Amino acid sequence: RPVHEAPRAAAAPASLDADQAAREAALARALGEEALRQEARQIRILLAGRAGSGRSRLSCSLPGQAAGGAEQGSACFSEGPGLGGTDGGEASLERLVESASQVHAVLLCIPAPGMAWGLEEAFLKRLRGAAPGTALFCAGTKVDLLPPARVWKPACLCPARPAGEKDRSLARWGAALLAFLRRHWPGFPQARCHLVSAGPEGSPPADAYGLEGLRTALAQAAPGLLQGRDFRAPGAAPPDRRALALRIVWKSAAAA
């Protein structure tokens, strides 16, 4: 054999190729089935609200397991287009209502201290007509801005038994918000309306307020939200199990 000629590698037996392919197929099938189970347990929550309503900070402040643990379902938050967008509001409103039909619940964010809620009223009216059975929650955000605005000691707050001006402001604004929701979404339960704050910009987690109550409300609603919901359109192709399997592989690799 000439010196410059490299030795040829022995060809792998066809049976080994077949066994490898079978193992890969079995692994992809198992991982795909696990991915489908994870997808089925995932609670999809749409964060709706006007620009500047605190949706982004709220989605970062609420953990992925906000729905009460893996056995009940993990929460996946997504932001819809802001109410009253640059397109005049109608197009963004249509897209937001369409997005709401593809999730388990809608969390409407309404920021304090304002009470001009025309955009939210238009959204609720449109949503009630298009999807009256939507599971609606409301977060009254940025309550640290309620008067007196420069006073913020969340550990001392108790709006149910007001002892100071901040407590009274929270109680008044919360009552007005609940009345507004019940006016435009009949039967809206008080347990789904929460006054929250992630704290002033750059503040530590200890300055947050009301997030635990919101997590608890989502956890209690989780089993009902997960029951009997299928978001695939009629005639849609079945899920790509290999793609779902690869998603789990990459998540596991990144975590490791």
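Values computed for the structure shown
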item: Test: residue in region 143-152 that is touching a residue at least 40 places away in the same chain (Cβ under 8 Å), in contact with a Ser or Thr (Cβ under 6 Å, 6 or more places away or on another chain) and open to solvent by less than 30 Å² (accessible area, probe 1.4 Å); result: yes
item: Filter result for Ala22 (surrounded by fewer than 11 Cβ atoms within 10 Å (Cβ to Cβ), at pLDDT 80 or above and out of contact with any strand residue (DSSP E or B) (no Cβ under 9 Å at 6 or more places or on another chain)); result: yes
item: When residues of region 66-102 are limited to those that are part of a helix (DSSP H, G or I) and surrounded by 17 or more Cβ atoms within 10 Å (Cβ to Cβ), the one modelled with the lowest pLDDT; result: Ser92
item: Residue list for region 155-186, restricted to those being outside any helix (DSSP H, G or I) and not aliphatic (A, V, I, L, M); result: Cys158, Pro159, Arg161, Pro162, Gly164, Trp185, Pro186
item: Hits in region 153-171 - residues which are under 22 Å from Leu58 (Cβ atoms) and surrounded by 13 or more Cβ atoms within 10 Å (Cβ to Cβ); result: Pro154, Leu157, Pro159, Lys166, Ser169, Leu170, Ala171
item: Hits in region 156-190 - residues which are of a type in the set (A, V, I, L, M) and at pLDDT 95 or above; result: Leu170, Ala171, Ala175, Ala176, Leu177, Leu178, Ala179, Leu181
item: Unique match (being touching a helix residue (DSSP H, G or I) at 6+ places or on another chain (Cβ under 6 Å), closer than 27 Å to Leu136 by Cα and surrounded by 13 or more Cβ atoms within 10 Å (Cβ to Cβ)) among Gly210, Gly199, Gly174; result: Gly199
item: Near pairs, Cβ below 8 angstrom, 6+ apart or cross-chain, from region 219-235 (closer than 18 Å to Ser101 by Cβ and part of a helix (DSSP H, G or I)) to any residue that is of a type outside the set (Gly, Ala, Ser) and at pLDDT below 75; result: Leu226/Arg41; Leu226/Gln72
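Condition check ((1) within 25 Å of Glu120 (Cβ to Cβ); (2) modelled with pLDDT of 95 or more; (3) in contact with a Ser or Thr (Cβ under 9 Å, 6 or more places away or on another chain); (4) β-branched (Val, Ile, Thr)) across all residues:
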| position | (1), (2), (3), (4) |
| --- | --- |
| Ala198 | yes, no, yes, no |
| Gly202 | no, no, no, no |
| Ala208 | yes, no, yes, no |
| Leu225 | yes, no, no, no |
| Asp230 | no, no, no, no |
| Pro234 | no, no, no, no |
| Leu244 | no, no, no, no |
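The values are calculated or read from the model by the stated rules, or taken from the named source; none is laboratory data. Note that this is a predicted model, so its numbers are computed, not measured. Note that we place each Cβ from the backbone using ideal geometry, even for glycine, and neighbour counts take in every protein chain shown. The accessibility values were calculated without ligands, DNA or RNA, using every heavy atom of the protein model including side chains. Shrake-Rupley method; radii C 1.70, N 1.55, O 1.52, S 1.80 Å.
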